[in-house]
Amino acid sequence: MRSLLKWGAAALVLALSGCAKKDVVAETLSYEVVSVVPHDVDAYTQGLQLTGGRLLESTGHYSKSSVREVDRKTGAVLKRRSLPAEVFGEGLTMMNGELWVLTWKEKTAFVLDPASFRTLRTHTFDGEGWGLTTDGKHLIMSDGSATLKFRDPKDMAVKKTVTVTEQGRPVKLLNELEYIKGSVFANVYMTNRIARIDPDSGQVTGWLDLSALRSQLPTPNRAEVLNGIAYDEETGHLLVTGKFWPRMFEIKLKP
């Protein structure tokens, strides 16, 4: 009997270890540039979103934050709405036909009509707001840490949190987000890299290094860090740019 108990205990340990989360080795993602267009050099880009053929962008800085529609072919600003001077604009996303825009330290999310940019309502939330995307059910937020918060759009309540890691180490400074085919793509602040993240486990499954794009920016410039990811569902391409970047790039991920 004792040997049977030992055997059973050993089998249980093996079963549990088999269910344990295994570290994923992140792959290196490669890309090619499809097109390049001008980008407003005064735009401190916080978020990009393609929706219904329209390119929407949110920008930051106190007294300068805005939401705008941008011509993706020319980079021209087609429509612009300033946010209140006392808020620092952050990421944005479309959910259920409404445009959500975060603020940095003001603990406020603006919900806008995407056609007119008119404020429909506001929500409050705890902590800082950085990047924002959606999986169709939750609003997914970053706050500059290694944590993604999944919030209920009804009241911004946190339904779950996921710690983003690579080989067991937290990946901090997560910024602008984009949900693409079941993965979360995230700019990592102060770098020119984008992490591809499994939203269930939090593990980084791929890295996209866009450092080479900086060499394609005209000089002189005051370009800061890479930030801004918009996914084109029709082509599968990404639009990427950065804070005060004079150019925006359309890129295609290689298989």
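The values are calculated or read from the model by the stated rules, or taken from the named source; none is laboratory data. It should be emphasised that the depicted structure is a prediction, and the values quoted were computed from it without experimental measurement. Positions of Cβ are backbone-derived with ideal geometry, glycine not excepted, and every protein chain shown enters the neighbour counts. Ligands, DNA and RNA are stripped out before the accessible areas are found, and what is left, the full protein with its side chains, is counted by its heavy atoms. Shrake-Rupley method; radii C 1.70, N 1.55, O 1.52, S 1.80 Å.
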Å² per residue, accessible surface of segment 53-163 at 1.4 Å: 42 Å²
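Relative to the present Cα-Cα distance, how much length would full extension add between Asp198 and Ser116 at 0.36 nm per residue of separation? Mind showing how you got there, number by number?
Working: separation 82, 0.36 × 82 = 29.52 nm, distance 3.44 nm.
26.1 nm is the gain from fully extending Asp198 to Ser116.
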Rounded to whole Hz, the Karplus (6.51, -1.76, 1.60) HN-Hα couplings of segment 119-125, x for glycine and proline: 6, 8, 5, 10, 10, 9, 8
Amide H contacts under 5 Å for Ile180, placed H, 5+ residues apart: Phe185
Percent accessible area from carbon and sulfur atoms, the chain, protein chains only, probe 1.4 Å: 54 percent
Residue of Thr93, Thr191, Thr74 that the Gaussian network model of the chain assigns the largest fluctuation, springs spanning Cα pairs under 10 Å: Thr74
C-alpha long axis of helix 2-19 to longest principal axis of the chain, angle in °: 10 degrees
Proximal lysines to Lys149, defined as alpha-carbon separation beneath 23 angstrom and excluding residues fewer than eight positions away on the same chain: Lys21, Lys22, Lys105, Lys107, Lys137, Lys159, Lys160, Lys172, Lys181
Rounded, prolate or oblate (a/c below 1.5 giving rounded, otherwise prolate when a/b exceeds b/c) for segment 87-143 by Cα gyration tensor: oblate
For the chain, built as a Gaussian network whose Cα springs stay under 10 Å, the top-fluctuating residue of Ser63, Ser142, Ser116: Ser116
Amide H partners (placed H, <5 Å) of Leu112, local residues excluded: Leu99, Trp100, Val101, Leu120
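Do the sum for the chain: with -39,500 (n - 2.57) for every DSSP H run of n ≥ 4, divided by all residues, what is the mean residue ellipticity at 222 nm, to the nearest 500 deg cm²/dmol?
Values: 1 runs with 18 residues, N = 255.
Taken over the chain, the calculation gives -2500 deg cm²/dmol.
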Asp232 versus Val25: modelled label distance in nm, points set 7 Å from Cα along the beta carbon direction: 3.4 nm
Highest-MSF residue in the chain out of Pro220, Pro199, Pro84 [GNM, Cα springs under 10 Å]: Pro220
Label point distance in nm, Val33-Arg214, each placed 7 Å from Cα along Cα→Cβ: 1.5 nm
